[in-house]
Amino acid sequence: MRSDGQRALSWGYVGRIEYDRAEALQRRLREEVRRGERPDVLLLLEHPPVYTLGRSASRAEILLPDEELERRGITVAECDRGGQVTYHGPGQLVGYPILDLNPDRRDVRRYVRNLQAVLVATLERLGINAEGRMEQPEIGVWVGEKKIGSIGVHLARWITTHGFALNVSTDLAMFGGIVACGMPSVEMTSIEVLTGTKPSLEEVASICAAAFGRVFHSSLTTLDLSLEEEERWASVS
């Protein structure tokens, strides 16, 4: 921690990577943060089409048969984040903060509220008024009665993984193949739908990282993943 109370945070937008490879990278970064080998990390990226099942999810919440999933090129992945079923795919900015909440930030609700504040601030910069909701099953970020941002986290020894997903130019029809977030009638929206513009994920990632630094009182640096490290995690199948 710096003398002004700010924590170091390294962040980067790493493009599109498969869900299982991103999980492997999170685990590696979590251990490096735990051992004090890295500062906190904010990993920003997008995934190929995938339905992910959180700890509270049921496979029955995926409404498409396996052959239709295969036809559409959608994979299915179980994970240890909180929450139920959601969709990740192209045009959606996914954020995986790997933060050490020890010793003074060990409050899960505060952490989730802060993630919501990051997304609300990001959307505000893009001309969208949004709000965070904390009650199940509506945890996430909403614009009116439509959901634009999802949150699902995991903590191990107060070090975080998983995080949030913000619909930028996402194919919203993909949410029709699941009971999204355990809410059969939920309507999803996106930045593109609300503004008529299609900002790049890199642009939204930069806005999001700046908002993250403000909300979490962190000093931003560029995420350094050496070629050797990238080759190690990219080879995970």
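Listed values, structure above:
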read-out	value
In sequence order, calculated HN-Hα J values of the stretch 183-199 (Karplus, 6.51, -1.76, 1.60; Hz; x Gly/Pro)	10, x, 9, 5, 10, 9, 9, 8, 4, 4, 5, 6, 10, x, 10, 10, x
Extension gain from GLU131 to LEU64, taking 0.36 nm per residue of separation minus the Cα-Cα distance	21.0 nm
Cβ-based charge dipole, the stretch 7-230, positive-most Cα from MET134, VAL168, SER58	MET134
Potential lengthening between ALA156 and ARG27 on full extension [0.36 nm per residue; Cα-Cα distance subtracted]	45.4 nm
In degrees, nearest ten, helix 19-34 long axis to first principal axis of the chain (Cα)	20 degrees
Estimated inter-spin distance, ALA210 and ARG71, nm [label 7 Å along Cα→Cβ]	4.5 nm
Peptides ranked, highest mean first, by Cβ atoms within 10 Å: ranges 104-111, 217-224, 21-28	21-28, 217-224, 104-111
Spin-label proximity, ARG109 to the stretch 125-163 - amide N less than 11 Å from point 7 Å beyond Cα toward beta carbon	134-135
With eigenvalues of the C-alpha gyration tensor scaled by 5 and rooted, the stretch 2-160, Å	27, 20, 15
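Values quoted throughout were computed directly from the atomic coordinates according to the rules given, and no laboratory measurement underlies them. Note that the structure is a prediction, hence the values are computed from the model and not measured. Every residue, glycine among them, receives a Cβ derived from its backbone with ideal geometry; neighbour counts consider all protein chains shown.
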